[in-house]
1. Report yes if L173 is modelled with pLDDT of 95 or more, assigned to a helix (DSSP H, G or I), of a type outside the set (F, W, Y) and assigned by TED's automatic domain parsing to the domain that holds G31, otherwise no.
2. Where the second residue is surrounded by fewer than 16 Cβ atoms within 10 Å (Cβ to Cβ) and the first is in a loop (DSSP other than H, G, I, E, B) and lies in region 69-82, which pairs have Cβ atoms under 6 Å and are six or more apart or on separate chains?
3. Go through the residues of region 192-199 one by one and say whether even a single one is in a helix (DSSP H, G or I), within 15 Å of G31 (Cβ to Cβ), modelled with pLDDT under 95 and in the same structural domain as V75 (by TED's automatic domain parsing).
4. Among the listed residues R135, R99, identify the single one that is more than 30 Å from T54 (Cβ to Cβ), surrounded by fewer than 16 Cβ atoms within 10 Å (Cβ to Cβ) and modelled with pLDDT of 95 or more.
5. Would it be correct to say that T54 is in the same structural domain as N156 (by TED's automatic domain parsing), surrounded by fewer than 16 Cβ atoms within 10 Å (Cβ to Cβ) and in contact with a Lys or Arg (Cβ under 9 Å, 6 or more places away or on another chain)?
6. From the set of residues in region 93-125 that are charged (D, E, K, R) and assigned to a helix (DSSP H, G or I), which is nearest to the chain's Cα centre (by Cα)?
7. Give me the residue from region 238-272 that is of a type in the set (K, R) and more than 14 Å from T224 (Cβ to Cβ) and, out of that set, surrounded by the fewest Cβ atoms within 10 Å (Cβ to Cβ).
8. Exactly one condition in (1) in contact (Cβ under 8 Å) with a residue 12 or more places away in the chain; (2) over 19 Å from E3 (Cα atoms); (3) surrounded by 15 or more Cβ atoms within 10 Å (Cβ to Cβ) is false for A92; which is it?
Amino acid sequence: MIEVNELTKRYGGTTAVKDLSFTVRPGRVTGFLGPNGAGKSTTLRLLIGLNRPTGGTATIDGRPFRDLPRGLRHVGALLDAHDIHGGRTARAHLSALARSNGLPGSRVDHVLDEVGLAAAARRRIGGFSLGMKQRLGIATALLGDPPVLLFDEPINGLDPEGVLWVRGLFRRLAAEGRTVFVSSHLMSEMENTADDLVVIGRGQLIAAESVTEFAARGTRSNVTVRTPDPAALTDLLTAEGADVTTRPPAGDLLVVTGLGATRIGEVAHQHRIRINELTTGSASLEEAFMELTADSVEYGTGDPR
């Protein structure tokens, strides 16, 4: 289990993390979300002892990472797939880590096979693609068979098969009772993979709850409308202040936000436009995230800085 309590980190006059508290429990995949500059990477670095906190605590199963002997047996982490010696082979890299953590050499072959790099074990890492480096980073995290795993943007550079593999891997690790903490900007992946979310902005906690609960906090619900006259209805609903998008391939399906189903039905009836389907839905995870973190975005689109 991961426990963060009143965690604060300052760099000179800049506060990267401020009074941050949350818990990541075993047996679940927990997504770690926030806009750029929110303090996610700093928090992960504080968790594994790469930085020291200005205040508060960050512990793994009740202890700071620096107090855990042979750390890879307790925590596996992928923070930066590029932060690795390019002149070494994948096998040499993992073998050195295994020896320094008192792990059997058989673990090297096991994790290389698990991440799909067995055939590339003797290739130099400098020639690896980003996707291969991500797989090697995941292998490194799994090397000590740890109960706690941290991943920072693990899907970057992976092809569709790799994304599906990682999604299944995280679910399996959680099903084994491990604590899986994943930082990502990909809302679709969090929606498909995570059970819980920790969301921060400007170094402070915004939410710590299930994916379903967080998505339900978004106020911009949508209404799906199917009509044989989508162009005319779009013009009418836009005039009412709604946002309307057309969903392919048929083009007769509209997704409307900013206007309720009752009003949509009234407008269609007044103008004799037939409606074949009218369904109210909740805000997506992405919509809820954009809405609830709007005040925490440091560099938004069009920002002159």
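The values are calculated or read from the model by the stated rules, or taken from the named source; none is laboratory data. Note that this is a predicted model, so its numbers are computed, not measured. Neighbour counts run over all protein chains shown; Cβ positions are idealised from the backbone, glycine included.
1. Here the answer is yes, as L173 does meet what is asked.
2. Sorted first by the residue in region 69-82, then by its partner, the pairs are R70/G102.
3. yes
4. R99
5. Details: in the same structural domain as N156 (by TED's automatic domain parsing): yes; surrounded by fewer than 16 Cβ atoms within 10 Å (Cβ to Cβ): yes; in contact with a Lys or Arg (Cβ under 9 Å, 6 or more places away or on another chain): yes.
Yes.
6. Top of the filtered list is E114.
7. The extreme case among them is R272.
8. Going through the list (1) in contact (Cβ under 8 Å) with a residue 12 or more places away in the chain; (2) over 19 Å from E3 (Cα atoms); (3) surrounded by 15 or more Cβ atoms within 10 Å (Cβ to Cβ), A92 breaks only (1).
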